[in-house]
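Colleague: Mind having a look at this structure? Questions to follow.
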Amino acid sequence: MKKRILVIDDNTGILFVMQKALDLKDYDVHISETFAGVESVEKLAPDLLFLDISLAGQDGREVSQKLKADERTKHIPIVILTAYPNADELATEAKADDYLSKPFELADLWNMAAKHTL
């Protein structure tokens, strides 16, 4: 059974690249430009969530904190996507499991996905 990955990023170019790249590794990839709420994440039940730190009108840190505070979604690994130089601090603040700095190499994306979907 394919592992399901949700990518939330307000940059359609990033969404396109990540979807195509993760498709190549046979993941079931779902993309969104916005966070639609804990319930929508719970319903999709992803094995991994890549989450942009700077969403249009939303703070990825707050989104991550909400998901980690909810019993229904706290087990889902969250990888913060950010171009900020202090990515490790932002991921810790967000209570995320890991981070991937933008721009990233495809090998780094694939390694991060494999690491958190074992």
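The values are calculated or read from the model by the stated rules, or taken from the named source; none is laboratory data. Only a predicted model underlies this, so the values are computations on that prediction, with no experimental measurement involved. When we count neighbours, we look across all protein chains shown, and the Cβ atoms used for this are built from the backbone with ideal geometry, even at glycine. Accessible surface is based on the protein model in full, side chains and every heavy atom, while ligands, DNA and RNA are left aside. Shrake-Rupley method; radii C 1.70, N 1.55, O 1.52, S 1.80 Å.
Colleague: Considering only residues that are touching a Ser or Thr at 6+ places or on another chain (Cβ under 7 Å) and open to solvent by less than 10 Å² (accessible area, probe 1.4 Å), which ones fall in the stretch 37-51? Quick ask: steps written out before the conclusion?
Modeller: To start, the set of residues in the stretch 37-51 that are touching a Ser or Thr at 6+ places or on another chain (Cβ under 7 Å) comprises 38, 41-42, 47-48, 51.
If the condition is that a residue be touching a Ser or Thr at 6+ places or on another chain (Cβ under 7 Å) and open to solvent by less than 10 Å² (accessible area, probe 1.4 Å), then Val41, Leu48, Leu51 are the ones that fit.
Colleague: Let me confirm something: among Val63, Val38, Val79, which residue is over 13 Å from the mean Cα position of the chain (by Cα), of a type in the set (Val, Ile, Thr) and at pLDDT 95 or above?
Modeller: Being over 13 Å from the mean Cα position of the chain (by Cα), of a type in the set (Val, Ile, Thr) and at pLDDT 95 or above holds for just one of Val63, Val38, Val79, which is Val38.
Colleague: Just wondering, is there one or more residues in the stretch 61-72 that are in contact with an Asp or Glu (Cβ under 7 Å, 6 or more places away or on another chain) and open to solvent by less than 60 Å² (accessible area, probe 1.4 Å)?
Modeller: Here is the first cut: in the stretch 61-72, the residues in contact with an Asp or Glu (Cβ under 7 Å, 6 or more places away or on another chain) are 61, 72.
Cutting the leftovers down to open to solvent by less than 60 Å² (accessible area, probe 1.4 Å) gives us none.
Looking through the stretch 61-72, none of the residues is in contact with an Asp or Glu (Cβ under 7 Å, 6 or more places away or on another chain) and open to solvent by less than 60 Å² (accessible area, probe 1.4 Å).
Colleague: Every residue in the stretch 1-13 that is open to solvent by 40 Å² or more (accessible area, probe 1.4 Å) and under 19 Å from Ala107 (Cβ atoms), please.
Modeller: Lys3
Colleague: Against the condition modelled with pLDDT under 95, of a type outside the set (S, T, N, Q) and more than 24 Å from Asp108 (Cβ to Cβ), how does Gly57 come out, does it pass?
Modeller: Here the answer is yes, as Gly57 does meet what is asked.
Colleague: Answer yes or no: is there a residue in the stretch 15-23 that is out of contact with any helix residue (DSSP H, G or I) (no Cβ under 7 Å at 6 or more places or on another chain), open to solvent by less than 70 Å² (accessible area, probe 1.4 Å) and part of a loop (DSSP other than H, G, I, E, B).
Modeller: Checked the stretch 15-23: no residue is out of contact with any helix residue (DSSP H, G or I) (no Cβ under 7 Å at 6 or more places or on another chain), open to solvent by less than 70 Å² (accessible area, probe 1.4 Å) and part of a loop (DSSP other than H, G, I, E, B).
Colleague: If I filter the stretch 24-48 down to residues being assigned to a strand (DSSP E or B) and touching a helix residue (DSSP H, G or I) at 6+ places or on another chain (Cβ under 7 Å), which single residue comes out as farthest from Gly13 (Cα to Cα)?
Modeller: Taking the candidates together, the pick is Leu48.
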